[in-house]
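Visitor: Below is one structure. I have some questions about it.
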Amino acid sequence: MDEHIEAVQRMQDYIKANLDNNITTADLANVSRYSPWYSYRLFVALLHMTPAVYIRRLRLSKSALRLRDEKVKIIEVAQDSGFESVDGYQRAFYKEFGCNPYEYSIRPTPIYLFKPYGIKYLNRKESKDMSKVKSVFVQVIEKPQRKVIIKRGKEATDYFKYCEEVGCDVWGLLCSMRSICGEPVCLWLPQKYIAEGTSEYVQGVEVATDYSGEIPEGFDVIDLPRCKYIMFQGEPFEEENFCEAIEEVWTAIKKYNPAAIGYAWDDSNPRIQLEPIGTRGYIELHPVKSI
């Protein structure tokens, strides 16, 4: 099974690196190191969709971000996304996101982008002995006063339980929304921000205090004050080892005393987790206050 997971991961990596190019079944078979027939079967069995659907959804999500952030013509985006006609692109865009691409480009609204996880990430390994911790980099940063649009869970205290309660698709929706910090966040909320019967752990997107855009159905908005954070960042890691990478940072945090630089932990503000991305290392932010 590990060989099959490795093969599908190689196909996913190839698609990500060559999304703007023509990707053939022969290309995927070559990187999977299996026959075209067998590599196709593996892809569908482990990711529950065909390579063609996977590629189309990725290209549509990438095109949506271009429409959101750039002044670009629909025909140009359609061609760059591999569609032979604007009509075909518009139909596919509407089917994927439930809105017309031209209307979306004028007034972007939250949509569920396709954000697939690597198969090696989904098949996580057990944590290893953390007696030898790798380097963890520490930096003090300041976040401004802001609003956070959040989706609450029920009892979740971590990512995996949250996904069981809410689903993993929330992240794709949050990625479609402009954030003042450039990406969505996961938060462990202090008690004062937890609504009755909801979870401590939530996912959301930080926006300006004067945000007037759409709030997705089922989401809440909380106001957070200006606050200083100590940002802990681990070393880059292999995607399948993300649990180990998180444990490394958590071990370092437990040993860290902020008093050494004139701060104390601040329990009145949320702890923040960023998406574990192997190429940059795991990042977590802990609120602090001056002593």
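The values are calculated or read from the model by the stated rules, or taken from the named source; none is laboratory data. Computed from a predicted model, the values in this text were never measured in an experiment. We place every Cβ from the backbone using ideal geometry, glycine too, and count neighbours over all the protein chains shown.
Visitor: Take GLU240 and decide whether it is under 29 Å from GLY98 (Cα atoms) and acidic (Asp, Glu).
Guide: no
Visitor: Can you tell me which residue within region 169-228, out of those that are of a type in the set (Gly, Ala, Ser) and under 16 Å from LYS143 (Cα atoms), is surrounded by the fewest Cβ atoms within 10 Å (Cβ to Cβ)?
Guide: GLY182
Visitor: Consider only pairs whose beta carbons are under 8 Å apart and that are at least six residues apart or on different chains; among these, list those whose first residue lies in region 49-72 and is under 15 Å from LYS115 (Cα atoms) and whose second residue is among the charged types (D, E, K, R) and part of a helix (DSSP H, G or I).
Guide: MET49/ARG57; ARG57/GLU96; LEU58/LYS16; LEU60/GLU96; SER61/GLU96; SER63/ASP80
Visitor: Is it true that some residue in region 194-201 is in a strand (DSSP E or B) and farther than 22 Å from TYR162 by Cβ?
Guide: no
Visitor: ASN21 fails exactly one of the following numbered conditions: (1) farther than 25 Å from GLY213 by Cβ; (2) part of a helix (DSSP H, G or I). What is the number of that condition?
Guide: Status for ASN21: all satisfied but (2).
Visitor: Among the residues of region 263-286, write down those that are in contact with a Ser or Thr (Cβ under 9 Å, 6 or more places away or on another chain) and either among the hydrophobic types (A, V, I, L, M, F, W, C) or not assigned by TED's automatic domain parsing to the domain that holds VAL205 (or both).
Guide: ALA264
Visitor: What number of residues within region 139-159 are within 14 Å of GLU284 (Cα to Cα), surrounded by 13 or more Cβ atoms within 10 Å (Cβ to Cβ) and at pLDDT 95 or above?
Guide: Qualifying residue count, region 139-159: 2.
Visitor: Could you list, in sequence order, the residues of region 1-31 that are loosely packed, with under 14 Cβ neighbours inside 10 Å and acidic (Asp, Glu)?
Guide: ASP2, GLU3, ASP20
Visitor: Which residue pairs have Cβ atoms closer than 9 Å, lie 6 or more positions apart in sequence or on different chains, and pair a first residue in region 204-226 that is under 15 Å from THR109 (Cα atoms) and free of Cβ contacts under 8 Å to residues at least 60 places away in the same chain with a second residue that is part of a loop (DSSP other than H, G, I, E, B) and of a type in the set (Asp, Glu)?
Guide: VAL205/GLU183
Visitor: With the requirement that a residue be farther than 20 Å from PRO190 by Cα, of a type in the set (Phe, Trp, Tyr) and more than 17 Å from the chain's Cα centre (by Cα), what does region 204-263 give you?
Guide: TYR211, TYR256
Matching residues to (1) within 20 Å of the chain's Cα centre (by Cα); (2) without any contact (Cβ under 8 Å) to a residue 40 or more places away in the chain; (3) not in a strand (DSSP E or B):
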site	(1), (2), (3)
ILE149	yes, no, no
LYS154	no, no, yes
THR157	yes, no, yes
CYS168	yes, no, yes
CYS181	yes, yes, yes
